[in-house]
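For reference, the structure is listed below as structure tokens.
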Amino acid sequence: MADFGVSAGQIVAVIWDKSSPAEALKDLVDKLQALTGDEGRVSVENINQLLQSAHKESSFDIVLSGIIPGSITLHSAEILAEMARILRPGGCLFLKELVETAVVNNSKVKTASKLCSALTLSGLVEVKELQRKPLSPEEIQSVREHLGYHSDSLLSVQITGKKPNFEVGSSSQLKLSTAKKSSGKPAVDPAAAKLWTLSANDMEDESVDLIDSDELLDAEDLKKPDPASLRAPSCGEGKKRKACKNCTCGLAEELEKEKSRDQTSSQPKSACGNVSIWMVTQYSQRTEAYTDQLQLYRSDCLGIVTIGDTRACVSR
């Protein structure tokens, strides 16, 4: 029993299941009560009733599960989390469980590494394997009877874990410095201040050479740039010239001027130059009918003359 670290005055929980022999359970409890003494306490709980028990959190110094000789126990993630909950900060958990030495898909029995990972995920630290041994013939028979599981690669491992020295969800006040900060400016080295200080008197010093900003420009810098060179590479490219949205290179204005020029040149004019839009009506003497009319809106014509089948205006 010294392996579990049980001492006088401690509160210990023993978890058992249906595979635990009654005599072995009673013998274990008697030995634990002798170690804890009158000031301590040993509680016995069935693993199937643990989640429905009324144990408060941080109730036990040590939790033993599956330790009873001849016991075949499998711990689910919920059971491991509950055992971690009822442990006091700094308390220890000791459990024994069947593990597979070979990776088996969809197996109800974990491997040793997965069992250690499950204990870590439940909130325990310093998880380590203490002992590993093969199953006895009696234990193999118990596995078949109580678990209905058949495998030739089973081992029994004993693992321990420790609860951190704080409770889950606990809080602690941060110690912040309340000393008042000095509002004064930091001291400046006089030598450094003198090095970086420039006064108006320094401009009169003959040793100071001032550079005229115009001298920094050469002939190329003073040339007016070609507007085409300022145009974006993709602006106006393609079969159809089209200005970009929010065009700034001048293509939009250029296209607008071309459009206005085309509209002006497309308006019809008369031969005399005084009629912008006119009507020419062709008259066929054979059919005695008018054909191909073109309307006139502005005319300074003096009259209409007929030449053959065509009528035209006479202007000033």
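The values are calculated or read from the model by the stated rules, or taken from the named source; none is laboratory data. Note that this is a predicted model, so its numbers are computed, not measured. Positions of Cβ are backbone-derived with ideal geometry, glycine not excepted, and every protein chain shown enters the neighbour counts. Please note that ligands, DNA and RNA were not included when accessible areas were found on the heavy atoms of the full protein model with its side chains. Shrake-Rupley method; radii C 1.70, N 1.55, O 1.52, S 1.80 Å.
Table for the structure above
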quantity: Matching option when the condition is without any contact (Cβ under 8 Å) to a residue 60 or more places away in the chain, in contact with a helix residue (DSSP H, G or I) (Cβ under 6 Å, 6 or more places away or on another chain) and part of a loop (DSSP other than H, G, I, E, B), among Ile68, Ile72; calculated: Ile68
quantity: Odd one out for Val99, checked against (1) over 40 Å from the mean Cα position of the chain (by Cα); (2) free of Cβ contacts under 8 Å to residues at least 60 places away in the same chain; (3) not in a loop (DSSP other than H, G, I, E, B); calculated: (1)
quantity: Matching residues in the range 36-65 - criterion: being assigned to a helix (DSSP H, G or I) and crowded, with 18+ Cβ neighbours inside 10 Å; calculated: Thr36, Ile47
quantity: Failed item in (1) modelled with pLDDT of 90 or more; (2) crowded, with 17+ Cβ neighbours inside 10 Å; (3) not in a helix (DSSP H, G or I), with Met83 passing the rest; calculated: (3)
quantity: Residue satisfying condition, being more than 44 Å from the chain's Cα centre (by Cα), at pLDDT below 80, open to solvent by 60 Å² or more (accessible area, probe 1.4 Å) and farther than 30 Å from Ser71 by Cβ, within set Thr178, Thr197; calculated: Thr197
quantity: Some residue of the range 139-162 being open to solvent by 70 Å² or more (accessible area, probe 1.4 Å), modelled with pLDDT of 90 or more and among the acidic types (Asp, Glu); calculated: no
quantity: Conditions (1) open to solvent by 20 Å² or more (accessible area, probe 1.4 Å); (2) under 47 Å from the mean Cα position of the chain (by Cα); (3) more than 28 Å from Pro164 (Cβ to Cβ); number of the one not met by Gly70; calculated: (2)
quantity: Residue list for the range 75-90, filter: over 25 Å from Ala8 (Cα atoms) and in contact (Cβ under 8 Å) with a residue 12 or more places away in the chain; calculated: His75, Ala77, Glu78, Ile79, Leu80, Ala81
quantity: Pairs where the first residue, in the range 23-38, is more than 17 Å from Gly70 (Cβ to Cβ) and the second is of a type outside the set (A, V, I, L, M) and not in a helix (DSSP H, G or I), C-beta under 6 Å, 6+ apart; calculated: Thr36/Gln10
quantity: Odd one out for Lys110, checked against (1) in contact with an Asp or Glu (Cβ under 9 Å, 6 or more places away or on another chain); (2) open to solvent by less than 10 Å² (accessible area, probe 1.4 Å); (3) not aliphatic (A, V, I, L, M); calculated: (2)
